[in-house]
Amino acid sequence: MKRLRDSKNPAKKIADTKKIADTKKMVTDFANLKEMIIMAGDTDLFSHYQMGDLTLPNRIVMAPMTRNRAGDADVPVSLTATYYVQRASAGMIITEGSQVSPQGVGYVHTPGIYSAAQVAGWKKVTDAVHQAGGRIFIQLWHVGRISHPDLLGGAMPVAPSVLPVEGFTHTPDGKKSIPVPRALNTEEVPDIVKQFRQAAENARNAGFDGVEIHGANGYLLDQFLRSGSNKRSDKYGGSLENRVRLPLEVTKAVIEVWGGNRVGYRISPHNTEHSMSDANPQETFSYFTRELNKTGLGYLHLIEPIGGRMGFVPLEARIGPILRSIFKRTLILNGGYGLHSGNEIIASGEADLIAFGVPFLANPDLPERFRQNAPLNEPDVATFYMGGAKGYTDYPALVHR
(Lines give C-alpha, C1' and ligand atoms only; values in the text may rest on other atoms or scores of the structure.)
Protein backbone atom coordinates (compact mmCIF):
# COMPACT_ATOMS: atom_id res chain seq x y z
CA MET A 1 0.00 0.00 0.00
CA LYS A 2 2.87 2.37 0.76
CA ARG A 3 4.22 2.01 -2.77
CA LEU A 4 0.75 2.79 -4.13
CA ARG A 5 0.45 5.94 -2.02
CA ASP A 6 3.96 7.10 -3.02
CA SER A 7 3.19 6.59 -6.68
CA LYS A 8 0.38 9.16 -6.33
CA ASN A 9 2.83 11.80 -5.03
CA PRO A 10 4.59 13.33 -8.11
CA ALA A 11 7.05 15.43 -6.06
CA LYS A 12 8.23 12.43 -4.04
CA LYS A 13 8.49 10.32 -7.19
CA ILE A 14 10.76 12.93 -8.81
CA ALA A 15 12.86 13.17 -5.63
CA ASP A 16 13.23 9.39 -5.45
CA THR A 17 14.19 9.21 -9.11
CA LYS A 18 16.82 11.92 -8.59
CA LYS A 19 18.15 10.13 -5.50
CA ILE A 20 18.49 6.89 -7.45
CA ALA A 21 20.25 8.72 -10.31
CA ASP A 22 22.60 10.46 -7.86
CA THR A 23 23.39 7.16 -6.19
CA LYS A 24 24.12 5.51 -9.51
CA LYS A 25 26.38 8.44 -10.43
CA MET A 26 28.24 8.15 -7.12
CA VAL A 27 28.75 4.43 -7.67
CA THR A 28 29.96 5.07 -11.23
CA ASP A 29 32.26 7.91 -10.12
CA PHE A 30 33.68 5.78 -7.33
CA ALA A 31 34.27 2.87 -9.71
CA ASN A 32 35.99 5.19 -12.16
CA LEU A 33 38.10 6.70 -9.38
CA LYS A 34 39.00 3.25 -8.09
CA GLU A 35 40.00 2.19 -11.60
CA MET A 36 42.13 5.33 -11.97
CA ILE A 37 43.85 4.64 -8.66
CA ILE A 38 44.47 1.03 -9.61
CA MET A 39 45.79 2.10 -12.99
CA ALA A 40 48.01 4.77 -11.47
CA GLY A 41 49.44 2.27 -9.03
CA ASP A 42 49.76 -0.33 -11.75
CA THR A 43 51.92 1.60 -14.19
CA ASP A 44 55.34 0.64 -12.92
CA LEU A 45 57.89 -2.13 -13.38
CA PHE A 46 56.00 -4.47 -11.06
CA SER A 47 52.66 -4.38 -12.86
CA HIS A 48 51.33 -7.16 -15.04
CA TYR A 49 51.47 -6.65 -18.78
CA GLN A 50 49.51 -8.32 -21.56
CA MET A 51 51.81 -8.79 -24.54
CA GLY A 52 49.50 -10.18 -27.18
CA ASP A 53 48.31 -13.51 -25.83
CA LEU A 54 51.12 -13.76 -23.26
CA THR A 55 50.65 -12.41 -19.73
CA LEU A 56 53.82 -11.11 -18.09
CA PRO A 57 53.84 -10.89 -14.26
CA ASN A 58 56.04 -7.79 -14.36
CA ARG A 59 57.58 -5.40 -16.90
CA ILE A 60 61.19 -6.27 -16.11
CA VAL A 61 62.76 -8.02 -19.12
CA MET A 62 66.08 -9.84 -19.08
CA ALA A 63 67.98 -8.47 -22.07
CA PRO A 64 69.91 -10.77 -24.42
CA MET A 65 73.58 -11.00 -23.37
CA THR A 66 76.35 -13.00 -25.01
CA ARG A 67 78.02 -15.14 -22.33
CA ASN A 68 80.27 -17.55 -24.33
CA ARG A 69 79.47 -20.61 -22.22
CA ALA A 70 78.17 -23.03 -24.88
CA GLY A 71 79.67 -26.49 -25.04
CA ASP A 72 81.01 -28.54 -27.91
CA ALA A 73 79.28 -27.92 -31.25
CA ASP A 74 77.81 -24.75 -29.73
CA VAL A 75 75.26 -26.71 -27.70
CA PRO A 76 73.74 -25.18 -24.52
CA VAL A 77 74.88 -27.07 -21.41
CA SER A 78 73.34 -27.80 -18.02
CA LEU A 79 74.92 -24.65 -16.60
CA THR A 80 72.97 -22.68 -19.21
CA ALA A 81 69.73 -24.00 -17.74
CA THR A 82 70.83 -23.09 -14.23
CA TYR A 83 71.70 -19.56 -15.35
CA TYR A 84 68.30 -18.90 -16.91
CA VAL A 85 66.30 -20.64 -14.17
CA GLN A 86 67.96 -18.37 -11.61
CA ARG A 87 66.50 -15.43 -13.55
CA ALA A 88 63.04 -16.88 -14.21
CA SER A 89 61.34 -14.19 -12.11
CA ALA A 90 61.80 -11.77 -15.02
CA GLY A 91 58.60 -10.78 -16.77
CA MET A 92 60.27 -12.27 -19.83
CA ILE A 93 63.75 -13.65 -20.56
CA ILE A 94 65.37 -13.00 -23.94
CA THR A 95 68.29 -15.37 -24.36
CA GLU A 96 71.73 -14.58 -25.65
CA GLY A 97 71.99 -14.40 -29.42
CA SER A 98 71.91 -17.86 -30.99
CA GLN A 99 73.24 -18.28 -34.50
CA VAL A 100 70.76 -19.44 -37.11
CA SER A 101 73.36 -21.33 -39.15
CA PRO A 102 77.08 -22.23 -39.15
CA GLN A 103 77.55 -19.21 -41.43
CA GLY A 104 76.17 -16.93 -38.70
CA VAL A 105 78.78 -17.72 -36.03
CA GLY A 106 80.79 -14.71 -34.85
CA TYR A 107 82.32 -15.65 -31.52
CA VAL A 108 83.67 -18.75 -29.84
CA HIS A 109 81.38 -20.76 -27.52
CA THR A 110 78.11 -19.07 -28.50
CA PRO A 111 75.04 -21.32 -28.80
CA GLY A 112 73.25 -22.10 -32.05
CA ILE A 113 69.70 -23.10 -32.95
CA TYR A 114 70.35 -24.92 -36.24
CA SER A 115 71.28 -28.48 -35.23
CA ALA A 116 69.31 -31.27 -33.56
CA ALA A 117 71.76 -31.31 -30.66
CA GLN A 118 71.33 -27.56 -30.12
CA VAL A 119 67.55 -27.88 -30.18
CA ALA A 120 67.76 -30.68 -27.59
CA GLY A 121 70.09 -28.59 -25.45
CA TRP A 122 67.77 -25.59 -25.55
CA LYS A 123 64.77 -27.83 -24.78
CA LYS A 124 66.32 -28.67 -21.43
CA VAL A 125 66.67 -24.95 -20.77
CA THR A 126 63.09 -24.05 -21.70
CA ASP A 127 61.65 -26.98 -19.73
CA ALA A 128 63.56 -25.88 -16.64
CA VAL A 129 62.55 -22.21 -17.01
CA HIS A 130 58.90 -23.13 -17.49
CA GLN A 131 58.99 -25.42 -14.47
CA ALA A 132 60.30 -22.42 -12.50
CA GLY A 133 57.35 -20.34 -13.74
CA GLY A 134 59.24 -18.27 -16.30
CA ARG A 135 58.74 -17.18 -19.90
CA ILE A 136 61.64 -17.34 -22.36
CA PHE A 137 62.24 -16.05 -25.91
CA ILE A 138 65.32 -16.91 -27.98
CA GLN A 139 67.22 -14.29 -29.94
CA LEU A 140 67.90 -15.37 -33.53
CA TRP A 141 71.31 -14.17 -34.71
CA HIS A 142 73.42 -13.97 -37.84
CA VAL A 143 76.58 -11.90 -37.30
CA GLY A 144 77.35 -11.34 -41.00
CA ARG A 145 80.72 -9.65 -41.38
CA ILE A 146 81.55 -9.64 -37.64
CA SER A 147 83.32 -13.00 -37.81
CA HIS A 148 86.53 -14.73 -38.89
CA PRO A 149 87.45 -17.71 -41.13
CA ASP A 150 88.61 -19.55 -37.99
CA LEU A 151 84.97 -19.65 -36.91
CA LEU A 152 83.60 -20.49 -40.36
CA GLY A 153 85.60 -23.52 -41.42
CA GLY A 154 87.94 -21.33 -43.45
CA ALA A 155 85.18 -19.43 -45.30
CA MET A 156 85.09 -15.65 -45.36
CA PRO A 157 82.44 -13.76 -43.38
CA VAL A 158 79.51 -12.53 -45.49
CA ALA A 159 78.07 -9.03 -45.70
CA PRO A 160 75.96 -6.80 -47.94
CA SER A 161 79.11 -5.11 -49.28
CA VAL A 162 82.88 -5.52 -49.42
CA LEU A 163 83.94 -2.98 -46.82
CA PRO A 164 86.63 -3.05 -44.12
CA VAL A 165 85.46 -3.45 -40.52
CA GLU A 166 87.14 -2.06 -37.43
CA GLY A 167 87.27 -4.40 -34.49
CA PHE A 168 88.11 -7.88 -33.26
CA THR A 169 86.37 -11.16 -32.63
CA HIS A 170 87.24 -14.07 -30.37
CA THR A 171 88.24 -17.30 -32.09
CA PRO A 172 89.42 -20.67 -30.74
CA ASP A 173 92.95 -19.29 -31.12
CA GLY A 174 92.25 -16.04 -29.35
CA LYS A 175 91.38 -12.47 -30.31
CA LYS A 176 91.78 -11.68 -34.02
CA SER A 177 91.05 -8.73 -36.28
CA ILE A 178 87.90 -8.92 -38.40
CA PRO A 179 88.86 -9.42 -42.07
CA VAL A 180 87.28 -7.67 -45.04
CA PRO A 181 84.14 -9.76 -45.80
CA ARG A 182 82.79 -10.96 -49.11
CA ALA A 183 79.49 -9.61 -50.42
CA LEU A 184 76.54 -11.98 -50.69
CA ASN A 185 75.35 -12.49 -54.26
CA THR A 186 71.74 -11.54 -54.95
CA GLU A 187 70.95 -15.23 -55.43
CA GLU A 188 72.36 -16.05 -51.97
CA VAL A 189 70.26 -13.56 -50.01
CA PRO A 190 67.06 -15.66 -49.97
CA ASP A 191 69.04 -18.39 -48.21
CA ILE A 192 69.48 -16.00 -45.26
CA VAL A 193 65.69 -15.83 -45.01
CA LYS A 194 65.53 -19.63 -45.07
CA GLN A 195 68.10 -19.81 -42.27
CA PHE A 196 65.99 -17.57 -40.03
CA ARG A 197 62.80 -19.43 -40.91
CA GLN A 198 64.33 -22.81 -40.05
CA ALA A 199 65.78 -21.40 -36.84
CA ALA A 200 62.31 -20.12 -35.91
CA GLU A 201 60.88 -23.60 -36.47
CA ASN A 202 63.70 -25.10 -34.42
CA ALA A 203 62.92 -22.64 -31.63
CA ARG A 204 59.33 -23.88 -31.54
CA ASN A 205 60.56 -27.44 -31.27
CA ALA A 206 62.88 -26.39 -28.46
CA GLY A 207 59.90 -25.14 -26.43
CA PHE A 208 60.49 -21.39 -26.47
CA ASP A 209 57.62 -18.97 -25.86
CA GLY A 210 58.69 -16.78 -28.76
CA VAL A 211 61.64 -15.37 -30.68
CA GLU A 212 63.45 -12.08 -31.09
CA ILE A 213 65.17 -11.25 -34.37
CA HIS A 214 68.58 -9.67 -33.79
CA GLY A 215 68.67 -6.64 -36.05
CA ALA A 216 71.00 -4.55 -33.90
CA ASN A 217 74.64 -3.94 -32.95
CA GLY A 218 76.14 -4.07 -36.42
CA TYR A 219 75.21 -7.66 -37.26
CA LEU A 220 73.94 -8.90 -40.62
CA LEU A 221 70.40 -7.49 -40.73
CA ASP A 222 71.65 -4.18 -39.33
CA GLN A 223 74.37 -4.19 -42.00
CA PHE A 224 71.75 -4.47 -44.75
CA LEU A 225 69.55 -1.78 -43.19
CA ARG A 226 72.05 1.04 -42.71
CA SER A 227 73.49 3.12 -45.52
CA GLY A 228 77.03 3.12 -44.16
CA SER A 229 77.39 -0.66 -44.46
CA ASN A 230 75.17 -1.33 -47.48
CA LYS A 231 76.56 -0.09 -50.80
CA ARG A 232 74.75 -2.59 -53.00
CA SER A 233 73.19 -1.75 -56.36
CA ASP A 234 70.72 -4.66 -56.55
CA LYS A 235 67.24 -4.94 -55.03
CA TYR A 236 68.75 -5.31 -51.55
CA GLY A 237 70.67 -2.02 -51.56
CA GLY A 238 70.74 1.62 -52.57
CA SER A 239 67.34 3.12 -51.71
CA LEU A 240 65.86 2.89 -48.24
CA GLU A 241 63.05 0.74 -49.65
CA ASN A 242 65.66 -1.74 -50.89
CA ARG A 243 67.76 -1.69 -47.73
CA VAL A 244 64.81 -2.72 -45.56
CA ARG A 245 63.95 -5.58 -47.91
CA LEU A 246 65.99 -8.36 -46.28
CA PRO A 247 65.11 -7.42 -42.66
CA LEU A 248 61.43 -7.37 -43.64
CA GLU A 249 61.64 -10.66 -45.53
CA VAL A 250 63.22 -12.28 -42.47
CA THR A 251 60.57 -10.80 -40.17
CA LYS A 252 57.70 -12.01 -42.33
CA ALA A 253 59.20 -15.50 -42.59
CA VAL A 254 59.59 -15.78 -38.81
CA ILE A 255 56.05 -14.45 -38.24
CA GLU A 256 54.73 -17.13 -40.61
CA VAL A 257 56.17 -19.69 -38.20
CA TRP A 258 55.22 -18.08 -34.90
CA GLY A 259 52.47 -15.54 -35.51
CA GLY A 260 53.15 -11.87 -34.90
CA ASN A 261 52.35 -11.84 -31.18
CA ARG A 262 55.34 -14.05 -30.37
CA VAL A 263 57.96 -12.29 -32.49
CA GLY A 264 60.11 -9.26 -31.61
CA TYR A 265 62.80 -7.28 -33.43
CA ARG A 266 65.79 -5.55 -31.84
CA ILE A 267 67.35 -2.35 -33.24
CA SER A 268 70.18 0.00 -32.21
CA PRO A 269 69.96 3.24 -34.23
CA HIS A 270 72.83 4.92 -32.39
CA ASN A 271 75.37 2.10 -32.48
CA THR A 272 78.64 3.02 -34.21
CA GLU A 273 80.73 -0.01 -33.24
CA HIS A 274 81.99 -2.34 -35.97
CA SER A 275 82.18 0.60 -38.43
CA MET A 276 78.41 1.13 -38.44
CA SER A 277 76.76 4.37 -39.59
CA ASP A 278 73.74 5.73 -41.39
CA ALA A 279 73.27 8.96 -43.33
CA ASN A 280 69.88 9.66 -41.70
CA PRO A 281 69.09 7.37 -38.74
CA GLN A 282 65.78 9.07 -37.95
CA GLU A 283 64.50 8.60 -41.48
CA THR A 284 65.85 5.05 -41.77
CA PHE A 285 64.46 3.73 -38.50
CA SER A 286 61.16 5.61 -38.75
CA TYR A 287 60.52 4.13 -42.19
CA PHE A 288 61.63 0.67 -41.09
CA THR A 289 59.42 0.82 -37.99
CA ARG A 290 56.39 1.74 -40.12
CA GLU A 291 57.06 -1.30 -42.28
CA LEU A 292 57.56 -3.54 -39.25
CA ASN A 293 54.28 -2.30 -37.80
CA LYS A 294 52.49 -3.46 -40.96
CA THR A 295 53.74 -7.04 -40.45
CA GLY A 296 51.91 -7.49 -37.14
CA LEU A 297 55.20 -7.79 -35.22
CA GLY A 298 54.57 -8.28 -31.51
CA TYR A 299 57.24 -6.04 -30.07
CA LEU A 300 60.02 -3.64 -30.99
CA HIS A 301 63.13 -3.71 -28.78
CA LEU A 302 65.02 -0.41 -28.95
CA ILE A 303 68.54 0.11 -27.61
CA GLU A 304 68.79 3.82 -26.80
CA PRO A 305 71.17 4.36 -23.87
CA ILE A 306 70.43 6.88 -21.14
CA GLY A 307 73.68 6.25 -19.24
CA GLY A 308 75.94 3.63 -17.73
CA ARG A 309 78.17 1.24 -19.66
CA MET A 310 76.14 1.65 -22.83
CA GLY A 311 76.75 5.39 -23.11
CA PHE A 312 74.30 8.27 -23.35
CA VAL A 313 72.07 9.55 -26.13
CA PRO A 314 71.08 13.21 -25.60
CA LEU A 315 67.37 13.87 -25.25
CA GLU A 316 67.20 15.84 -28.50
CA ALA A 317 68.77 12.96 -30.44
CA ARG A 318 66.50 10.20 -29.15
CA ILE A 319 64.40 8.32 -31.66
CA GLY A 320 62.32 6.44 -29.09
CA PRO A 321 59.45 8.96 -28.87
CA ILE A 322 59.13 8.98 -32.67
CA LEU A 323 59.09 5.19 -32.90
CA ARG A 324 56.61 5.05 -30.01
CA SER A 325 54.15 7.08 -32.07
CA ILE A 326 54.65 4.79 -35.10
CA PHE A 327 54.70 1.31 -33.60
CA LYS A 328 51.29 0.28 -32.31
CA ARG A 329 52.20 -2.73 -30.19
CA THR A 330 54.70 -3.41 -27.40
CA LEU A 331 57.80 -1.22 -27.12
CA ILE A 332 60.79 -2.36 -25.02
CA LEU A 333 63.51 0.14 -24.11
CA ASN A 334 67.03 -0.90 -23.14
CA GLY A 335 70.11 1.08 -22.15
CA GLY A 336 71.27 1.98 -18.66
CA TYR A 337 67.91 1.99 -16.87
CA GLY A 338 67.54 1.39 -13.14
CA LEU A 339 64.62 1.03 -10.76
CA HIS A 340 63.61 4.69 -10.65
CA SER A 341 64.29 5.59 -14.29
CA GLY A 342 62.51 2.41 -15.37
CA ASN A 343 59.46 3.24 -13.28
CA GLU A 344 59.39 6.78 -14.65
CA ILE A 345 59.47 5.63 -18.27
CA ILE A 346 56.74 3.03 -17.69
CA ALA A 347 54.54 5.53 -15.85
CA SER A 348 54.99 8.12 -18.60
CA GLY A 349 53.86 5.65 -21.25
CA GLU A 350 57.07 6.05 -23.26
CA ALA A 351 57.60 2.27 -23.12
CA ASP A 352 55.70 -0.82 -22.08
CA LEU A 353 58.64 -2.90 -20.85
CA ILE A 354 62.23 -2.19 -19.79
CA ALA A 355 65.07 -4.61 -20.58
CA PHE A 356 67.98 -4.90 -18.15
CA GLY A 357 71.30 -6.44 -19.15
CA VAL A 358 74.22 -6.21 -16.73
CA PRO A 359 71.93 -5.70 -13.68
CA PHE A 360 70.30 -9.07 -14.48
CA LEU A 361 73.66 -10.68 -15.20
CA ALA A 362 74.87 -9.86 -11.69
CA ASN A 363 71.53 -10.12 -9.87
CA PRO A 364 69.56 -13.29 -10.62
CA ASP A 365 66.70 -12.03 -8.42
CA LEU A 366 66.64 -8.52 -9.89
CA PRO A 367 62.83 -8.05 -9.71
CA GLU A 368 62.82 -8.83 -5.97
CA ARG A 369 65.82 -6.58 -5.34
CA PHE A 370 64.02 -3.79 -7.15
CA ARG A 371 60.83 -4.48 -5.19
CA GLN A 372 62.72 -4.19 -1.90
CA ASN A 373 64.94 -1.38 -3.18
CA ALA A 374 67.83 -3.58 -2.04
CA PRO A 375 71.51 -3.10 -2.99
CA LEU A 376 72.66 -4.71 -6.24
CA ASN A 377 75.61 -7.07 -6.66
CA GLU A 378 78.66 -5.64 -8.41
CA PRO A 379 79.24 -7.31 -11.82
CA ASP A 380 82.53 -9.10 -12.44
CA VAL A 381 83.50 -7.67 -15.84
CA ALA A 382 86.40 -10.10 -16.26
CA THR A 383 83.98 -13.05 -16.45
CA PHE A 384 81.38 -11.55 -18.80
CA TYR A 385 82.60 -13.53 -21.83
CA MET A 386 84.60 -16.41 -20.43
CA GLY A 387 84.72 -19.14 -17.83
CA GLY A 388 82.30 -21.55 -16.25
CA ALA A 389 80.15 -21.01 -13.18
CA LYS A 390 82.26 -18.11 -11.90
CA GLY A 391 80.62 -14.85 -12.88
CA TYR A 392 77.76 -16.84 -14.42
CA THR A 393 75.72 -18.79 -11.87
CA ASP A 394 77.50 -17.86 -8.62
CA TYR A 395 76.05 -14.37 -8.03
CA PRO A 396 74.21 -14.46 -4.69
CA ALA A 397 70.50 -13.88 -4.30
CA LEU A 398 68.99 -11.96 -1.41
CA VAL A 399 69.00 -13.72 1.95
CA HIS A 400 65.37 -14.21 2.99
CA ARG A 401 64.69 -14.04 6.70
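The values are calculated or read from the model by the stated rules, or taken from the named source; none is laboratory data. The shown structure was predicted, so the numbers you read here are calculated from the model rather than taken from an experiment. Neighbour counts run over all protein chains shown; Cβ positions are idealised from the backbone, glycine included. What goes into the accessible areas is simple: the full protein's heavy atoms, side chains included, and nothing from ligands, DNA or RNA. Shrake-Rupley method; radii C 1.70, N 1.55, O 1.52, S 1.80 Å.
Which value, in debye to the nearest 20, describes the size of the charge dipole of region 182-259 about its Cα centre when Lys and Arg Cβ atoms bear +1, Asp and Glu Cβ atoms bear -1, and nothing else is charged? Intermediate results must be reported in sequence, preceding the final value.
Numbers: 11 positive and 11 negative charges, 57 e Å.
Roughly 280 debye for region 182-259.
Across region 49-62, rounded Karplus estimates of 3J(HN,Hα) from the backbone phi angles (6.51 cos²θ - 1.76 cosθ + 1.60, θ = phi - 60°) give 9, 9, 9, x, 9, 10, 8, 9, x, 8, 9, 9, 9, 7 Hz, Gly and Pro being marked x. Our summary gives the chain a relative contact order of 15 percent, counting only alpha carbon pairs under 8 angstrom and 6 or more residues apart.
Under a Cβ-Cβ cut-off of 14 Å, what is the net charge of the residues other than Arg369 that fall near it, where Lys and Arg count +1 and Asp and Glu count -1?
Working: positive: Arg87, Arg371; negative: Asp365, Glu368, Glu378.
Once all neighbours under 14 Å are counted, the net charge is -1.
Accessible area per residue for region 210-360 is 35 Å², calculated with a 1.4 Å probe on protein heavy atoms, without ligands, DNA or RNA.
Take the alpha carbon atoms of region 129-155, find their center, do the same for region 99-120, and report the distance between the two centers in whole angstrom. Value for the Cα centre distance between the two parts: 6 Å. Applying a threshold of 20 Å to the alpha-carbon distances of Lys294/Lys328; Lys252/Lys328; Lys123/Lys294; Lys231/Lys294 flags Lys123/Lys294; Lys231/Lys294 as lying beyond it.
For the chain, give the magnitude of the charge dipole about the Cα centre (Cβ charges: +1 Lys/Arg, -1 Asp/Glu; no others), in debye to the nearest 20.
Working: 45 positive and 40 negative charges, 407 e Å.
Charge dipole, the chain, about its Cα centre: 1960 debye, nearest 20.
Roughly what % of Cα-Cα distances in the chain sit above 26 Å, to the whole percent? Walk me through the numbers on the way to the answer.
Details: 44435 of 80200 pairs.
It works out to 55 percent of all Cα pairs.
Reported to the nearest whole Å, the Cα centre-to-centre distance from region 176-249 to region 257-282 is 11.
Among residues other than Tyr385 whose Cβ falls under 10 Å from its Cβ, what is the net charge (Lys/Arg +1, Asp/Glu -1)?
Details: positive: Arg67, Arg69; negative: none.
So the environment of Tyr385 carries a net charge of +2.
Couplings for region 146-156, taken from phi via the Karplus curve 6.51 cos²θ - 1.76 cosθ + 1.60 with θ = phi - 60°, read 7, 8, 7, x, 4, 9, 10, x, x, 6, 7 Hz in order; Gly and Pro are left as x. Counting 0.36 nm for each residue step from Leu315 to Glu350 and taking away their Cα separation leaves a gain of 11.3 nm.
Of the trypsin sites (Lys or Arg not before Pro) found in region 336-398, those in coil by DSSP whose Cβ has at most 16 other Cβ atoms within 10 Å are Lys390.
The residues of region 42-189 expose on average 35 square angstrom of accessible surface per residue, using a 1.4 Å probe on protein heavy atoms.
Taking a sphere under 14 Å around the Cβ of Asp53 and counting the other residues whose Cβ falls inside, with K and R at +1 and D and E at -1, yields a net charge of +2. Within the chain, DSSP assigns beta bridges of which about 20% are antiparallel (rounded to the nearest 5). Hydropathy first: keep DSSP H helices in the chain averaging at least 0.0 on Kyte-Doolittle, then drop any whose Cα extent along the axis falls short of 18 Å, and list what survives. Result, helices passing both filters: 245-258. Build a GNM of the chain with springs between Cα atoms under 10 Å apart, and of Glu201, Glu378, Glu212 the one that fluctuates most is Glu378.
Protein heavy-atom surface of region 345-401, 1.4 angstrom probe: 56% of the accessible area is carbon and sulfur, with nucleic acids and ligands not counted.
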